[in-house]
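J.: Sharing a structure, written as structure tokens. Questions coming.
The values are calculated or read from the model by the stated rules, or taken from the named source; none is laboratory data. Please read these numbers as outputs of a predicted model, since none were measured by experiment. Here the Cβ is made from the backbone with ideal geometry for all residues, glycine too, and neighbour counts use every protein chain on show.
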Amino acid sequence: MLLKMKVEEVLKKHSIDAKVETSDVGSAPSAACDVIFTSYELGEKMKSQTETPIVMVRNFMDTDEIESAGLGVVKGLLE
């Protein structure tokens with residue numbers, strides 16, 4: 001839930017309107033979504049289970065890290 005709120009904060013800062021949802025690690029790889037934000041540990045486990053881009057973050061409180069890791073991915077989806 002914390003990562004969801006921080007991702008929403010970054011998107012709002014850049015005036016990007018997106019629906020951000022939470023999911024468990026078991027269902028995230030098969031979820032119909034455009035990008036997955038998660039921890040490095042879980043991201044490494046999910047990489048082989050999905051073709052959806054995965055943005056891996058070490059510190060869920062660090063909006064700068066979330067922005068630098070994921071903003072380019074999100075903007076790429078909008079092109």
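J.: Out of the residues in region 46-79 that are under 9 Å from the mean Cα position of the chain (by Cα) and of a type outside the set (A, V, I, L, M), which is surrounded by the most Cβ atoms within 10 Å (Cβ to Cβ)?
T.: The qualifying residue surrounded by the most Cβ atoms within 10 Å (Cβ to Cβ) is Gly70.
J.: Can you tell me which residue among Lys4, Lys12 is among the basic types (Lys, Arg) and either within 13 Å of the chain's Cα centre (by Cα) or at pLDDT below 95 (or both)?
T.: After applying the criteria, what remains is Lys4.
J.: If you scan region 10-45, which residues turn out to be touching a residue at least 40 places away in the same chain (Cβ under 8 Å), surrounded by 14 or more Cβ atoms within 10 Å (Cβ to Cβ) and assigned to a helix (DSSP H, G or I)?
T.: If the condition is that a residue be touching a residue at least 40 places away in the same chain (Cβ under 8 Å), surrounded by 14 or more Cβ atoms within 10 Å (Cβ to Cβ) and assigned to a helix (DSSP H, G or I), then Val10, Leu11 are the ones that fit.
J.: Got at least one residue in region 28-39 being farther than 18 Å from Leu78 by Cβ and at pLDDT 95 or above?
T.: Within region 28-39 (the criterion being farther than 18 Å from Leu78 by Cβ and at pLDDT 95 or above), the answer is yes, since at least one residue qualifies.
J.: Quick one: is Leu3 within 17 Å of Asp64 (Cβ to Cβ), of a type in the set (A, V, I, L, M, F, W, C) and surrounded by 13 or more Cβ atoms within 10 Å (Cβ to Cβ)?
T.: Yes; evaluated as a whole, the condition is true for this residue.
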